[in-house]
Amino acid sequence: MIRISAPFLGGEEISAVERVLRSGMLSQGSYVEAFESAFADFIGVEHAIAVSSGTAALHIALLAAGIGEGDEVITTPFTFIATANAILFVGAKPVFVDVREDDFNIDVEKVKEAINERTKAIIPVHLYGQPCDMKAIVDLAEDHNLHVIEDACQAHGAEFAGKKVGSFGTAGCFSFYPTKNMTTGEGGMLTTNSKEIAKKARMLRNHGSSARYMHEILGFNMRMTDISAAVGIEQLKKLHYFTKRRRENAEYLTERLEGICGIVTPVVKERRTHVFNQYTIRVVGDEEADGAKGDDGANGDKGNGGKEGVVNRDDLARMLTERGVEVGIYYPRPVHKQPLYRKLGYDCSLDVSERLSAEVLSLPVHPGVGKVDLDYIVDIIKRAMMS
């Protein structure tokens, strides 16, 4: 089976964990501090606060920014549910706006339309590893005095205009779940240039404590362990290689898939460094494939003579799986259509997100995938779409 994702752990991680275990200091300690320092330097920010998950990072970031009951936070419905749930955790209201069809990221023009007197923040999601238009988002936020909390959980090392995501807004939030570009098993990181946000975040992750047995605010147990941090330190050293392999594999697939009728390959937008946490194609009908992505000058359908044989996304996913290729659908249902949010009264229609949910299909591009694997994947898709 060619897996859709796989953590890449070697002797360095094993030795680092062994050192922690032998030290007898397993919880948050010197390894967490070292990991925070290294990650802050990597992102280019003053502060990094290690936490137990990417969800915890989002939750703490919102609380540290003072977001709470009665506030509204604008975000995308085309994301993992944790993005929106973190807003609910603090008592605020998620306001969903649609995404762009070409890069799957939040549509800034739709954000503008959704801002009102209750709006306090924007959470852009750098989906699949491609940055949002951060200049437009930051400019808009500054015009309306809004916080920007970046959901960079899939975008370690991604850049917009040469600047790493997680360094643009009030805070950036990262996940180190095993499917991410680097892992600590479970874990997350909050990045910020604000001394005040950093101080409050450190308290919130540790029972609201600023000193031992001195609890100033209501907080949580959302700490990272030294075991996880030891893995993270070694993974961060390898991230450049991991990213290079992902980008090479993505380019290889695009070169071989972009002429197939019914397949729309990913766009890499100008001024953006895409780190391909996921390589996500769209499986569409003939008419939609013809010229899809045209507004950015990127490839749409290159012809294939309008051949018959186009299958739908679910059929193609099944064919690949039956032939030993694990695929992913991220995400089959937008957040506003989830049962939880329907119960909360969300009944809006967001056409692009809903259509993409029926079209997207992620293919393996992680560092363990080789050219033989990629050629095999391409061959299956060609046979399926051109038969």
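Select from segment 356-387 the residues that are among the acidic types (Asp, Glu) and closer than 29 Å to Asn105 by Cβ and write down the one among them that is surrounded by the fewest Cβ atoms within 10 Å (Cβ to Cβ).
Quick first cut of segment 356-387, residues among the acidic types (Asp, Glu) only: 359, 373, 375, 379.
If we keep only those that are closer than 29 Å to Asn105 by Cβ too, we end up with 359, 373.
Details: Glu359: 19, Asp373: 17.
Checked segment 356-387; the qualifying residue surrounded by the fewest Cβ atoms within 10 Å (Cβ to Cβ) is Asp373.
Any chance segment 167-181 includes a residue that's under 25 Å from Gly66 (Cα atoms) and open to solvent by 40 Å² or more (accessible area, probe 1.4 Å)?
Looking through segment 167-181, at least one residue is under 25 Å from Gly66 (Cα atoms) and open to solvent by 40 Å² or more (accessible area, probe 1.4 Å).
Quick check on segment 37-57: of everything there that is among the small types (Gly, Ala, Ser) and part of a helix (DSSP H, G or I), which residue is nearest to Val165 (Cα to Cα)? Let's see the steps before the verdict.
Narrowing segment 37-57 to residues among the small types (Gly, Ala, Ser): 37-38, 40, 44, 48, 50, 52-54, 56-57.
Filter once more, so that each one left must be part of a helix (DSSP H, G or I): 37-38, 40, 54, 56-57.
Working: Ser37: 17, Ala38: 16, Ala40: 12, Gly54: 15, Ala56: 18, Ala57: 15 Å.
The residue in question is Ala40.
Residue by residue through segment 18-69, note down the ones that are under 21 Å from the mean Cα position of the chain (by Cα) and among the charged types (D, E, K, R).
Passing the criteria: Glu36, Asp41.
Which one is surrounded by the most Cβ atoms within 10 Å (Cβ to Cβ) among residues in segment 319-339 that are assigned to a helix (DSSP H, G or I) and without any contact (Cβ under 8 Å) to a residue 60 or more places away in the chain? Full working, then the answer.
Filtering segment 319-339 down to residues assigned to a helix (DSSP H, G or I) leaves 319-322, 335-337, 339.
From the residues that got through so far, the ones that are without any contact (Cβ under 8 Å) to a residue 60 or more places away in the chain too are 321-322, 339.
Working: Thr321: 12, Glu322: 9, Pro339: 8.
Looking at residues that are assigned to a helix (DSSP H, G or I) and without any contact (Cβ under 8 Å) to a residue 60 or more places away in the chain, I get Thr321.
To keep it simple, each residue is scored yes or no on (1) open to solvent by less than 70 Å² (accessible area, probe 1.4 Å); (2) closer than 25 Å to Gly44 by Cβ; (3) among the β-branched types (Val, Ile, Thr); (4) over 24 Å from the mean Cα position of the chain (by Cα).
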| position | (1), (2), (3), (4) |
| --- | --- |
| Ser210 | yes, no, no, yes |
| His240 | no, yes, no, no |
| Ile260 | yes, no, yes, yes |
| Ile263 | yes, no, yes, no |
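Residues are listed down the side, and each one gets a yes or a no for (1) surrounded by 23 or more Cβ atoms within 10 Å (Cβ to Cβ); (2) in contact (Cβ under 8 Å) with a residue 40 or more places away in the chain; (3) part of a strand (DSSP E or B):
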residue	(1), (2), (3)
Glu69	no, no, no
Ile74	yes, yes, yes
Phe80	no, yes, no
Ala84	yes, yes, no
Ile87	yes, no, no
Pro94	no, yes, yes
Phe104	yes, yes, no
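The values are calculated or read from the model by the stated rules, or taken from the named source; none is laboratory data. Bear in mind the structure is a predicted one, so any value in this text is a computation, not a measurement. Every residue, glycine among them, receives a Cβ derived from its backbone with ideal geometry; neighbour counts consider all protein chains shown. Each accessible area value is taken on the protein alone, full model and side chains, heavy atoms only, with ligands, DNA and RNA left out. Shrake-Rupley method; radii C 1.70, N 1.55, O 1.52, S 1.80 Å.
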